[in-house]
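Here's the structure we're looking at; comments come further down.
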Amino acid sequence: MHIYLVGGAVRDQLLQYPVKEKDWVVVGATPQAMIDQGYTQVGKDFPVFLHPQTHEEYALARTERKTAPGYKGFDIHASPEVTLEEDLLRRDLTINAMAQDNHDHIIDPYNGQADLKNKLLRHVSTAFSEDPVRILRVARFAARYAHLGFHVADETMLLMSQMVNNGEVDALIPERVWQEMHTALSEKNPDVFFQTLKACGALKCIFPELDILFGIPQPEMYHPEIDTGIHTMMVLQQACKLSDDPKVRFAALCHDLGKGKTPKDKWPRHHAHEQLGIPVIKSLCQRLRVPNDFRDLAVITSDMHLHIHRAFELKTETLLNTLEKLDAFRKPARFEEFLLACIADIRGRTTYENCDIPQVDYFRQAQQVISNLDLSEITRQNLSGPDMADTIRQARLTALDAFKQKTKPD
């Protein structure tokens, strides 16, 4: 029995990148031999075991044979006769197909170290094309390591494009797409994830609502970058500067999906795109099984983001209605997430990347004015439900009127 550290841990050690988890391959062992040494078997499709002390995953060396479409269509063969090189051959990228023995020697049969040096994401073998999840993984690794200068090898991009053209991507299940997208949204450059998918043609299959935005023009007066897809990527980049929260980044990504619904004869204007985006986002989130908190933030960002742009133009009643629709008093944390997505939207335009946004502070202050309002005297009046609501609303309007007079811009 020989045990090797494999995959991401080896790759990230060589990159001097933080190692988050360790995976191990065991060569020359049987399931019973692992159990006899105190390991707990957890894998059903192939033998994976948990170490009795560290609880890290140890998998028996295995090979795979494609038997059906999709990422589950594989026949797994694990036996003591499978070599380390055979196990590494089934992996996606050369930089993930390295191993390290207990003497810290690197076993690198497919030139992963050379590709690390050349900053290449390159497939190990043509078996890559048998699993469509690998397209998502390559895009995710491109997002993770873009800041280090990594890019997808030409031959790998070509293979990914062929997989898309052959319909392999159609076999992806929604939960796995969202899993990879969610992880990508937490990387340093999630925009690269979507750009990589677009480059190989997978974006139109996985996320057509985003893919369609590329090539749709916007008014140059407000959007010097013109292209809606480019603007969306710029907004996502800005969101990453503002927050590590993938919910904020997802909201930024989805804020203009309604522009994909604008008839061509109305371009470059996009009247009511905010509301047109709401059913698009809801449909997307239902299809990909996106969590409700992601969906809800994305929906209110689409619906209300132009109110931030026009903050100083809003009448008192409209300002209050906006705060109430945002549920800013009961959900202040989500309100702040919404504001961050709006900042990203405003700055995600050519020449606006570092602009000041007094409208956001204006909204924050207005929310605080209402949140700090003393309603004790009103609640002591023992009013009926509708009368109480009307009286509280009038008090809020009066407070906002006073606030607007104090903060009226020059």
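Bear in mind that the values in this text are calculations on the coordinates, not laboratory data. None of these values were measured; they are calculated from a predicted model. Because the Cβ atoms are built from the backbone with ideal geometry, glycine has one as well, and the counts that use them run over all protein chains shown.
General observations
- Full extension of the chain segment joining Q381 with D293 gains 27.9 nm, where the gain is 0.36 nm per residue of separation less the Cα-Cα distance.
- GluC sites (Glu not before Pro) restricted to DSSP loop in the range 185-256 with at most 11 other C-beta within 10 Å: E220
- Each residue of the range 145-158 is assigned a 3J(HN,Hα), and the resulting list reads 10, 4, 5, 8, x, 6, 8, 7, 4, 4, 5, 6, 4, 4 Hz, derived from the Karplus form 6.51 cos²θ - 1.76 cosθ + 1.60 (θ = phi - 60°), x at Gly and Pro.
- Relative to the longest principal axis of the Cα atoms of the chain, helix 332-347 runs at roughly 80 degrees.
- Phi angles of the range 264-270 translate, via the Karplus equation with coefficients 6.51, -1.76, 1.60 and θ = phi - 60°, into HN-Hα couplings of 4, 6, 9, 4, x, 7, 9 Hz per residue; Gly and Pro are given as x.
- Shown is the FRET efficiency for E313 and H147, computed with R0 = 41 Å from the Cβ-Cβ distance and rounded to the nearest 0.05: 0.55.
- Cα-based helix-to-principal-axis angle, 316-325 vs the chain, degrees rounded to 10: 30
- In the structure shown, the pairs K119/K247; K261/K282; K204/K259; K204/K331; K22/K188 are assessed against 24 Å; a Cα-Cα span above that value is assigned to K119/K247; K204/K331.
- Structure-based [θ]222 nm, the chain - -39500 (n - 2.57) summed over DSSP H runs of at least 4, per residue, nearest 500: -15500 deg cm²/dmol
- Overall form of the range 84-197 per C-alpha gyration tensor (a/c, 1.5; a/b vs b/c): prolate
- Filtered trypsin sites (Lys or Arg not before Pro), the range 322-410: DSSP coil and at most 14 other beta carbons within 10 Å: R330, R380
- Net lengthening on full extension, S371/Q16 (0.36 nm per residue, minus Cα-Cα): 123.1 nm
- Nearest-ten-degree value, helix 385-407 long axis tilted from longest Cα axis of the chain: 90
- Sequence-ordered 3J(HN,Hα) estimates for the range 196-207 from the Karplus curve with 6.51, -1.76 and 1.60 and θ = phi - 60° stand at 5, 4, 5, 4, 9, x, 6, 4, 5, 8, 8, 9 Hz, glycine and proline given as x.
- Residue exposure proxy: T407, T183, T301, T262, ordered by other Cβ atoms within 10 angstrom of their Cβ from fewest to most, comes out as T407, T183, T262, T301.
- For the options V138, V25, V299, a Gaussian network treatment of the chain with springs between C-alpha atoms closer than 10 Å singles out V25 as fluctuating the most.
- Max mean-square fluctuation residue, GNM over the chain, Cα-Cα springs under 10 Å, options S283, S129, S376: S376
- For the chain, a Gaussian network of Cα nodes joined below 10 Å ranks C205, C240, C342 by mean-square fluctuation, and the top entry is C205.
- Exposure proxy ranking for V26, V164, based on other Cβ atoms within 10 angstrom of each Cβ and starting from the fewest, stands as V164, V26.
- Neighbour-count order for E21, E86, fewest beta carbons within 10 angstrom listed first: E21, E86
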